[in-house]
1. So for region 23-97, what are the equivalent ellipsoid semi-axes in whole Å, largest first, each being the square root of 5 times an eigenvalue of the Cα gyration tensor?
2. Using a Gaussian network for the chain with springs between C-alpha atoms less than 10 Å apart, which of these wobbles most: G30, G144, G84?
3. Using a Gaussian network for the chain with springs between C-alpha atoms less than 10 Å apart, which of these wobbles most: V77, V68, V111?
4. Based on Cα positions only, what radius of gyration and what Dmax would you give for the chain, in angstroms?
5. Using Cα atoms only, what is the angle between the long axis of helix 94-106 and the major principal axis of the chain, expressed in degrees (0 to 90) to the nearest 10?
6. Suppose R0 equals 35 Å; then what is the FRET efficiency for R162 and A29 from their Cβ-Cβ distance, rounded to the nearest 0.05?
7. Heavy-atom accessible area per residue, the chain, 1.4 Å probe: how many Å²?
8. Go ahead and set up a Gaussian network model of the chain, Cα springs under 10 Å, then flag whichever of T47, T93, T38 fluctuates most.
Amino acid sequence: MSDVVSIELLLDDASEAAVRADWERLRAAGHSSLAAHTAPSNRPHVTLLVRPALAPVAFGEALALLPVALTLAEPLVFRHGDRGVLARRVMPTEELRRLHEAVHAAVPPGVDAPHTAPGDWTPHVTLARRVRLDALDDALRLLGPERAGTGAALRRWDSATRTVTPIR
């Protein structure tokens, strides 16, 4: 999928600050980091749905489930050759699964990106893309501890128009 629309769960202020601190420690040590992406749309988030296109949808049932408790757990790596995406796993609690299901129930059938489809979802917050796997041990040592937090809001990201829209 080149141009996509995604529905994302934003973190509470303290959790967002903790993720941004991980980004900054990675950047300061010379590793790949999302801290290098300075667009206002670049915020820590958990992706709930990704599609090539999505008409505007009301997410009333999903919004009614917010806020949702979450745990930013241990790091994980999605490997691609000699590089990988470094992320922090988000514990898939029943509360978080219900939110994910409510988002998907609100949209018509469509082509979901594999990592966001029901039954194939890996909830995570991305820390860095294209991390060299030979530097992974050093990058992992820089990350802060696991932490409890809250998923506080939903937003829509449209990569074709590069726009973010809060979902209310």
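1. Semi-axis lengths for region 23-97 are 27, 17, 14 Å.
2. G30
3. Result for the chain, Cα springs under 10 Å: V111 fluctuates most.
4. For the chain, the Cα-based Rg and Dmax read 15.5, 45 Å.
5. The angle comes out at about 50 degrees.
6. On the way: r = 29 Å, r/R0 = 0.83.
The pair R162/A29 has a calculated efficiency of 0.75.
7. Heavy-atom accessible area per residue stands at 51 Å².
8. T38
The values are calculated or read from the model by the stated rules, or taken from the named source; none is laboratory data. These numbers were taken from a predicted model, which means no experiment stands behind them. Positions of Cβ are backbone-derived with ideal geometry, glycine not excepted, and every protein chain shown enters the neighbour counts. Calculation scope for accessible area: heavy atoms of the full protein, side chains included, ligands and nucleic acids excluded. Shrake-Rupley method; radii C 1.70, N 1.55, O 1.52, S 1.80 Å.
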